[in-house]
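Data block below; observations after.
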Amino acid sequence: MRAVFQQELADVQDRLVEIAELVLDSIRDATTAFNAADVALADKVIAADPNIDELAVELDELAIEILYRQSPVARDLRIVVSALRMSASLERMGDLARHIAQLARRRFPEHVAPDSLRDTFTQMTAHDIHIAELLAQLLRTQDVELAEQLIQGDDAVDALHAGVFATVLSPEWKGEAEQTVDVTLASRFLERFGDHAASIAKKVQYLATGDWVPEEA
């Protein structure tokens, strides 16, 4: 029975990695669509999101079944409960990638970001892609050094997000109301994507070290 249980835990980890890799694909395509005003890529991301949702539900069902049948305790219990929470964060990351793609699609053939913010969004999207790459690798290897790199990447996105807000609130901002809403939403989506990844990274750190780092509100 113990061998079966360990195989089930390994299956949980494999499924987390699978979802994380799909999220990586989605954020790559969504941010490319956003930066390049590529409607075909935007449509691809939007169409792929239900698959991420379905896999997250299947993982949740497996975790709940393990809790019911195996009654895990101590670290094993923390692994299963953490998997449920990580699954929720990954599903939300997929949603955020879809939201970015939807912005790109709605503004096509125009770009969402004006020239004055194009470089900022290029940096934000590059950070989010790298964060997603680190996250998939982290879930595959459980290497806590990757977790720290990921959290630092999230800090960089947060700083750029603050810069976008400062720009749209400045007297020099000339964007119309619709454009202001779009860039504010886009920045928020990219910032939240990083936050969810950092939340998962902190859970992996906790499982590896037993030291919990409180999450920021």
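The values are calculated or read from the model by the stated rules, or taken from the named source; none is laboratory data. As the structure is a prediction and not an experimental result, all values here were calculated from the model. Neighbour counts run over all protein chains shown; Cβ positions are idealised from the backbone, glycine included. Just the protein is used for accessible areas: all its heavy atoms, side chains included, with ligands, DNA and RNA removed. Shrake-Rupley method; radii C 1.70, N 1.55, O 1.52, S 1.80 Å.
The table for this structure:
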{"item": "Portion, in percent, of the accessible area of the range 39-133 that falls on carbon or sulfur, probe 1.4 Å", "result": "55"}
{"item": "DSSP-assigned coil residues among GluC sites (Glu not before Pro) in the range 112-195, each with at most 11 further Cβ atoms within 10 Å", "result": "GLU172, GLU176"}
{"item": "Choice from ILE19, ILE79, ILE129 with maximal GNM fluctuation in the chain (Cα, 10 Å cutoff)", "result": "ILE79"}
{"item": "Contact order relative to length of the range 68-161, as percent, for alpha carbon pairs under 8 angstrom and 6 or more apart", "result": "20"}
{"item": "Anchor LYS44: aspartates and glutamates whose Cα lies under 12 Å away (excluding residues fewer than 8 positions away in-chain)", "result": "ASP25, ASP29"}
{"item": "Euclidean distance between Cα centres, the range 145-210 to the range 40-96, Å", "result": "22"}
{"item": "Gain on full stretching of the segment that runs from ALA40 to THR122 - 0.36 nm per residue minus C-alpha separation", "result": "27.6 nm"}
{"item": "Inter-site label distance for ARG106 and ALA208 at 7 Å from Cα along Cβ, in nm", "result": "3.8"}
{"item": "In Å², nearest 10: area of LYS44 left accessible to a 1.4 Å probe", "result": "120"}
{"item": "Choice from LEU84, LEU134, LEU169 showing the highest fluctuation, given a GNM over the chain with Cα pairs closer than 10 Å", "result": "LEU169"}
{"item": "Karplus-derived HN-Hα couplings along the range 182-191 (A = 6.51, B = -1.76, C = 1.60, θ = phi - 60°), whole Hz, x at Gly and Pro", "result": "4, 5, 5, 5, 4, 4, 5, 4, 5, 5"}
{"item": "Cβ-based net charge around THR184, under 13 Å, with every Lys or Arg adding one and every Asp or Glu removing one", "result": "-2"}
{"item": "Cβ-defined net charge surrounding ASP49, 12 Å radius [Lys, Arg +1; Asp, Glu -1]", "result": "-4"}
{"item": "Contour minus Cα-Cα distance for GLN7 and VAL73 (0.36 nm per residue)", "result": "22.1 nm"}
{"item": "Modelled FRET efficiency - R0 41 Å, ALA177 with VAL81, Cβ distances, 0.05 increments", "result": "0.40"}
{"item": "Cα gyration tensor shape of the chain, rounded if a/c is under 1.5, else prolate or oblate by comparing a/b with b/c", "result": "prolate"}
{"item": "Distance in nm between pseudo-label sites at PHE165 and ASP60 (7 Å out along the Cβ direction from Cα)", "result": "2.9"}
{"item": "The chain: relative contact order in percent, alpha carbon pairs under 8 Å with at least 6 residues between", "result": "26"}
{"item": "Max mean-square fluctuation residue, GNM over the chain, Cα-Cα springs under 10 Å, options LEU59, LEU138, LEU67", "result": "LEU67"}
